[in-house]
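What follows is a short report on a single structure.
The values are calculated or read from the model by the stated rules, or taken from the named source; none is laboratory data. Given the structure is predicted, the values throughout are model-derived calculations rather than measurements. Here Cβ is always computed from backbone atoms with ideal geometry, including for glycine, and neighbour counts include all displayed protein chains. Accessible surface areas use protein heavy atoms only, side chains included; no ligands, DNA or RNA. Shrake-Rupley method; radii C 1.70, N 1.55, O 1.52, S 1.80 Å.
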Amino acid sequence: MINEIMNCNKCNMCNNQRPLLDKVEKCDVMWVGLSAKQVDNVLDEVPLSVATKSGKLINEMESEVQGCKFYKTNVVKCLPLNNNGKLRYPTKKEMDLCIVNLKKEIELLKPKIIILLGNNVIQSVEKSMKVTFDKFNDYEYKLYKYGEFSFLPIHHPSYISVYKRKSKEIYIDSVKELIMLSL
């Protein structure tokens, strides 16, 4: 199934860069970001890497939860570029096309918790999986059980890293607590 995702060509973004996937074969927690970043070699890199602000913050949270296997992915696996070759947000259509690959990853890996990073990801999952999440207040996050999976919609880590640095520890503690409660 991962090979199927790696060879996806539903849109032309695969011409910018092949799908960027994590190497884990089993996980307890799946982090879901919006889209891939540009990398030198998709076989050597992973989504939400520690080379990014988001990845650094995710790594901090992971290091505080022992004995848990994590997997990082994006709704859009390939690289969305504008006409000038610069990274851009994926369109709703691109997210709709690519979210089937996220569903395949969820089926294959069967995570206990799927952490949705930011409003674009949350809205995309709500639409495609026909689920509904309440808006969160500050850092009062909530787990939503749908079938055999629990979803955890949260602020995007880059938002925290850039705009809410003073609240970083509250953010980390809130997410970490819900992960530990669910395992």
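Points to keep in mind about this one:
- When the residues of region 39-63 are filtered to those that are more than 21 Å from Ile170 (Cβ to Cβ) and not hydrophobic (A, V, I, L, M, F, W, C), the one that is most open to solvent (accessible area, probe 1.4 Å) is Asp40.
- The lone exception for Ser124 - which of (1) over 20 Å from Tyr171 (Cα atoms); (2) over 13 Å from the mean Cα position of the chain (by Cα); (3) among the hydroxyl-bearing types (Ser, Thr, Tyr) it fails: (2)
- When Leu79, Leu48 are checked against the criterion of being within 29 Å of Leu181 (Cα to Cα), touching a helix residue (DSSP H, G or I) at 6+ places or on another chain (Cβ under 7 Å) and at pLDDT 90 or above, a single residue qualifies: Leu48.
- The listed residue being modelled with pLDDT under 95 and aliphatic (A, V, I, L, M), out of Leu87, Leu117: Leu87
- Pairs, first under 18 Å from Cys98 (Cβ atoms) and in contact (Cβ under 8 Å) with a residue 12 or more places away in the chain in region 24-50, second basic (Lys, Arg) and crowded, with 17+ Cβ neighbours inside 10 Å, C-beta under 7 Å, six or more apart: Trp31/Lys72; Ala36/Lys77; Val42/Arg18; Val46/Lys72; Pro47/Lys72; Leu48/Lys72
- Flag for Ile122 being touching a helix residue (DSSP H, G or I) at 6+ places or on another chain (Cβ under 8 Å) and not acidic (Asp, Glu): no
- Matching residues, region 8-28, being of a type in the set (A, V, I, L, M), crowded, with 18+ Cβ neighbours inside 10 Å and out of contact with any Cys (no Cβ under 6 Å at 6 or more places or on another chain): Leu20, Leu21
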